[in-house]
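Structure, as structure tokens:
The values are calculated or read from the model by the stated rules, or taken from the named source; none is laboratory data. Model, not experiment: these values are computed from the prediction. Cβ atoms come from the backbone with ideal geometry, glycine included; neighbour counts cover every protein chain shown. With ligands, DNA and RNA removed, areas are computed over all heavy atoms of the protein, side chains included. Shrake-Rupley method; radii C 1.70, N 1.55, O 1.52, S 1.80 Å.
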Amino acid sequence: MTYQGSRHEDSSLLAEVVSLREQVERAMSSRIVAGEYEPGAVLTVPTMAAEFGVSATPVREAMLNLARRGFLAPMRNRGFRVTEVSLDELRQLREVRLMLEVPPMRQLAGQVSEQAAQELRALAAEIVRAGDEGRFQDYLEADTAFHLTLLELTGNQFLVSLVGELRQQTRLTGLVELAEQGALTESALEHAELVQLLLDGEGDAATELMQRHIGHVGGIWSGEHED
């Protein structure tokens, strides 16, 4: 019985560490994507553990995972350096996302149920609120949920998975500056506009809006001007 109890305690402890690691990893990746941790910044396990108020173990595991995903690069005896995604790489990511996410808008126009629309509207509203309040982790998570939920309506899980992976590689380092300027809301409102266009069966307009929306990658969301 003592052995079983010990195993149960070990299992609970492991689950807690994994949960903390996931929370830290999500928070750090969101801050990197949004530019709160700037490219080239050096992050250490003790500093991050103190910042998040947790032990070193989940932080170290989170940072190792982020290194595997390309967000961080290990530095011998110094910690981890935030990696940089070039503007050219962002534009290439944008081109691929345009090819994947724009065409389904015509397919979905007039096909979105009211129940699906309600879920999308709720996510769109959270994107606006989080952007207004500078909650960038919540903003990015709601934004990802919106786009993947929308694509799930196509019934193509390969498309959903691929776009999800591409979004993890995107850096939106202009978000903080846009929020400080009060300009983030304008692009955030495009989500609700898109839902309405799809409900109204406006396939051409929805296609045009999605193309403009994704165009912000490598544009204003990345701190660059758009034509």
Cβ-Cβ under 6 Å pairs, at least 6 apart or on other chains, the range 117-137 side at pLDDT 95 or above, far side open to solvent by 40 Å² or more (accessible area, probe 1.4 Å): Ala117/Leu199; Ala124/Ala192
Single match in Ala116, Ala188, Ala124 (criterion: outside the structural domain of Phe71 (by the TED database), surrounded by 14 or more Cβ atoms within 10 Å (Cβ to Cβ) and over 19 Å from the mean Cα position of the chain (by Cα)): Ala116
Segments classed as helices (runs of 4 or more DSSP H), wholly inside the range 1-93, with at least 3 members that are in contact with a Pro (Cβ under 7 Å, 6 or more places away or on another chain) and modelled with pLDDT of 85 or more: 2-34
Scope the range 155-165; condition in contact (Cβ under 8 Å) with a residue 60 or more places away in the chain and open to solvent by less than 20 Å² (accessible area, probe 1.4 Å); matching residues: Val163
